[in-house]
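Undergrad: Just dropping this structure here.
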Amino acid sequence: MAALALAPDCEVLPCAASTDVFAALLEGRAQCAVLPIENTLHGSVTEHYDLLLTNPVRIDAEGLLQIRHNLIAAPGVELSAIRTVLSHPVALNQCRRFLASFTQARMLPFYDTAGSVKHLMENSLRDTAGLAPELAAQEYGANVLVRGVEDHPQNFTRFHLIHLVEDSAQGSPEPDKLTVAFAVEHRPGTLVKALQSLASSGVNLTRIESRPVPGQPWEYVFFVEFRFGHPETADAALDALRREARMVQELGRYRAATAAAS
């Protein structure tokens, strides 16, 4: 759903793992990729920060998708017959209240939300339901038993559209948001000075995330997103950050998403 929203004419290539997504880009099997980066209930998809930093890709666009989870089963199956609920672990986490009250069934993690519905339909499971968007029920001929079982209706996931750096459009038209990774020396006050350099440049910091550096215990790379009014302001902020950090890597400039598809 997010891929079709960000790249309307695309032919979707399914991948089983995030590393496969990047492999498809690097090997030329895909021209672009859409990755979730943050959910309002679950938090960050931290693995994707690592992959964005270590691969030659660039963020070119951002999208928001309102996530609505539904309990879905094969046609004719009654709610009382359900003994197992399958879905992606993140989806299960987003529906904890419903699942805690649905004591007749056990939860089992599955590789994908829509894939759980595909699985129960292909195997004619009559005691199993999946947690997935309604589109999955339509796609596989299943039936929605209970709608909107997420813990909170304000459940949104933010996605990034990425390309290889060599294929990148160098940011969307009129970008107003930037993602950058940086690292500082492990000394008192270095992170404060780095963040102060951004504040003094007049940009609006909207997110910060830290990730450990492999092989360097207690050392971290920081990922920040900030909004800016003019390209010159973003350039000045990066220049100021470079004076305080030992590593700075811009990951993309793009237009901030303002409306969520559902």
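Undergrad: To test your reading of the geometry: what angle, between 0 and 90 degrees and rounded to tens, separates the Cα axis of helix 231-244 from the longest principal axis of the chain?
TA: 80
Undergrad: What is the Cα centroid distance between the range 1-80 and the range 130-201, reported in whole angstrom?
TA: Value for the Cα centre distance between the two parts: 10 Å.
Undergrad: Further question: For the range 70-146, what D do you get in µm² per second when you plug the Kirkwood radius from alpha-carbon pairs into Stokes-Einstein at 4 °C and 1.567 mPa s? Before the final figure, lay out the partial values.
TA: Working: Rh = 11.8 Å.
Value of D from the Cα-based Kirkwood radius: 110 µm²/s.
Undergrad: Sorted from largest to smallest, which semi-axis lengths in Å does the alpha carbon gyration tensor of the chain give for its equivalent ellipsoid, taking the root of 5 times each eigenvalue?
TA: They are 39, 20, 17 Å, listed from largest to smallest.
Undergrad: Can you tell me the dipole magnitude for the range 70-146 around its Cα centre, using point charges on the Cβ only (Lys, Arg +1; Asp, Glu -1), in Debye to the nearest 20?
TA: On the way: 6 positive and 6 negative charges, 62 e Å.
That gives a dipole near 300 debye.
Undergrad: For the residues Ser18, Ser197, Ser116, what sequence is obtained by ranking on other C-beta atoms within 10 Å, fewest first?
TA: The fewest-first ordering by Cβ neighbours comes to Ser18, Ser197, Ser116.
Undergrad: At 1.002 mPa s and 20 °C, plugging the Kirkwood radius over alpha-carbon pairs of the range 1-148 into Stokes-Einstein gives what diffusion coefficient in µm²/s?
TA: Estimated diffusion coefficient is 130 µm²/s.
Undergrad: Between the DSSP loop rule and a limit of at most 15 other Cβ atoms within 10 Å, which trypsin sites (Lys or Arg not before Pro) in the range 93-198 are left?
TA: Arg126, Arg147
Undergrad: For the residues Met247, Met121, what sequence is obtained by ranking on other C-beta atoms within 10 Å, fewest first?
TA: Least crowded to most crowded, the residues run Met247, Met121.
Undergrad: Using the count of nearby Cβ atoms within 10 Å as a rough guide to exposure, how do Cys32, Cys95 rank from fewest to most?
TA: Cys32, Cys95
Undergrad: On to the next question. What is the local net charge at Thr19, summed over the other residues whose Cβ is closer than 15 Å to its Cβ (Lys, Arg +1; Asp, Glu -1)?
TA: -3
Computed from the coordinates by the stated procedures, all read-outs in this text should not be read as laboratory data. Quick caveat: nothing in here was measured; it's all calculated off a predicted structure. Positions of Cβ are backbone-derived with ideal geometry, glycine not excepted, and every protein chain shown enters the neighbour counts.
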